[in-house]
1. If I stretch the segment between Glu133 and Val91 completely, what's the gain in nm (0.36 nm per residue apart, minus their alpha carbon distance), one decimal?
2. Compare the Cα positions of Ala379, Tyr13, Ser275 along the charge dipole of the chain (+1 at Cβ of Lys, Arg; -1 at Cβ of Asp, Glu; about the Cα centre) and return the one farthest towards the positive end.
3. Can you give the translational diffusion coefficient of region 289-336 in µm²/s, computed by Stokes-Einstein from the Kirkwood radius over Cα pairs at 10 °C and 1.306 mPa s?
4. Provide the packing ranking of 366-377, 248-259, i.e. peptides ordered by the mean count of other C-beta atoms within 10 Å per residue, highest first.
5. Could you work out the relative contact order of the chain, using alpha carbon pairs under 8 angstrom and six or more residues apart, expressed as a whole percent?
6. Rg over Rh of region 320-412, using C-alpha atoms and the Kirkwood radius, what does it come to?
7. To the nearest 20 debye, what is the magnitude of the charge dipole of region 2-254 about its Cα centre, counting +1 on the Cβ of each Lys and Arg and -1 on the Cβ of each Asp and Glu?
8. Order these peptides, 175-185, 300-310, by their mean beta-carbon neighbour count within 10 angstrom, highest first.
Amino acid sequence: MEFIGDFHLHSKYSRATSSQMVLENLDKWAKIKGITVLGTGDFTHPEWFRNLKGKLEPAETGLFKLKDSDSLTRFILTTEISCVYSKLGRVRKIHILIFAPDFETVEKINTQLGWIGNLKADGRPTLGLDAKELLKIVLEISEDCLIVPCHVWTPWYSLFGSRSGFDSIEECFEDYTKYIYAVETGLSSDPAMNWRLSALDNITLISNSDAHSPQKIGREANVFDTELNYFSIIETIKKKNPKKFLYTIEFYPQEGKYHYDGHRNCGISCSPQESKKYNNICPVCGKPLTIGVLSRVEELADRPEGFKPQGAIPFRSLIPLKEIIAEILGFGSETKEVDTEYQNLIRRFGSEFNVLLNVSRQDLEVVTLPEIAEGIIRAREGKVYIEPGYDGVFGKIRIFSKGEKKELSRQKTLF
């Protein structure tokens with residue numbers, strides 16, 4: 001069975017997260033997006049865990065659905081842990097994604113982690129715990145769990161982060177490295193960037209939204225062709241099987257908040273080459289630049305740009321449908337005008353992913369403006385204009401050049 005999974009997201013109990021992040025809304029937006037399997041997120045938070053136990057019931061092995069519902073959306077038990085600790089003379093800040101097969105396992109994990117830190121404070125709890133020790137605790141509870149380092153290149157809170165990470169998986173996990181089967185690429189990197197590290201050749205690269213609002217689920221995701229149950233998903237990830245793990249769906253990494261180096265307060269954005277010219281110092285205020293993902297990849301890479309290892313899982317880069325429509329119509333992505341056209345396309349073609357990935361230009365032009373159809377096809381083919389993000393500022397992706405935009409504006413008055 002072919003299906004899309006997004007395993008890393010948050011509940012309303014996480015900081016800076018929408019109050020709309022509840023199971024009913026996640027189910028609703030999974031249908032709109034075309035996602036079959038969603039992570040629950042935040043299973044360590046006591047209130048959210050009670051919510052999960054109260055509102056979900058078993059479906060296929062290790063997967064859950066809303067009680068008394070015929071919805072096809074499935075939930076898989078996941079949570080993110082923030083490990084902050086000192087190792088090898090530096091403070092380390094690593095985010096870890098945990099998959100669990102059942103509520104009983106989650107209860108045992110929560111009990112042990114509750115002895116270490118306050119799980120009520122945040123849906124993504126911060127623990128003074130070595131990431132290796134977290135791995136040991138979880139696997140001793142159940143070998144069926146999967147542990148995945150999150151968004152591994154972001155400057156803060158990641159395995160390879162320039163500010164508080166490590167230079168290798170082995171530095172972080174030592175003799176437990178053999179239990180790291182996958183890493184999450186994060187919004188600011190894509191698989192092609194990760195292929196430059198030979199150390200990741202046997203590691204599966206997964207992509208998830210890390211969504212803090214329902215509309216953001218699926219901005220990155222994973223496409224499988226396997227049986228729909230927990231163990232098939234986990235084994236497919238562990239074995240990095242390209243016949244069952246078909247591809248990942250990616251944000252354009254330049255749109256991520258930490259792709260380039262820079263200094264947000266001074267409006268300075270730098271490529272790795274420019275940062276070297278400035279000795280990684282902001283030319284405006286003289287403070288250190290925040291070194292982004294691209295520079296960090298350059299630092300650790302042992303292969304040239306463009307290298308593709310044998311057996312690599314493919315990927316497809318997309319732009320969210322509302323952003324495409326917003327650019328064409330000239331309105332904000334959350335305006336009524338954009339939402340009306342978005343809902344029109346969803347009604348006609350079933351889901352956002354079907355529109356972005358599969359529907360032909362001819363079929364699109366039957367139900368929407370030819371410019372919107374053109375925008376969807378260009379985004380699908382990677383024909384875009386990019387302004388990279390830096391130091392917490394999202395990048396900007398445009399489909400049409402400014403000259404084309406003026407021409408389209410004149411044409412729009414004809415409709």
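1. 13.6 nm
2. Ser275
3. Values: Rh = 14.7 Å.
Roughly 108 µm²/s, to the nearest whole number.
4. Values: 366-377: 19.3, 248-259: 24.6.
In decreasing order of mean packing, 366-377, 248-259 become 248-259, 366-377.
5. 15 percent
6. 0.96
7. The calculation lands at about 600 debye.
8. Working: 175-185: 18.5, 300-310: 11.5.
Those peptides, ordered most packed to least, come out 175-185, 300-310.
All of the numbers you see were taken from the coordinates with simple rules; none came from a lab. Nothing here was measured: the structure is a model prediction, and the numbers come from that model. Positions of Cβ are backbone-derived with ideal geometry, glycine not excepted, and every protein chain shown enters the neighbour counts.
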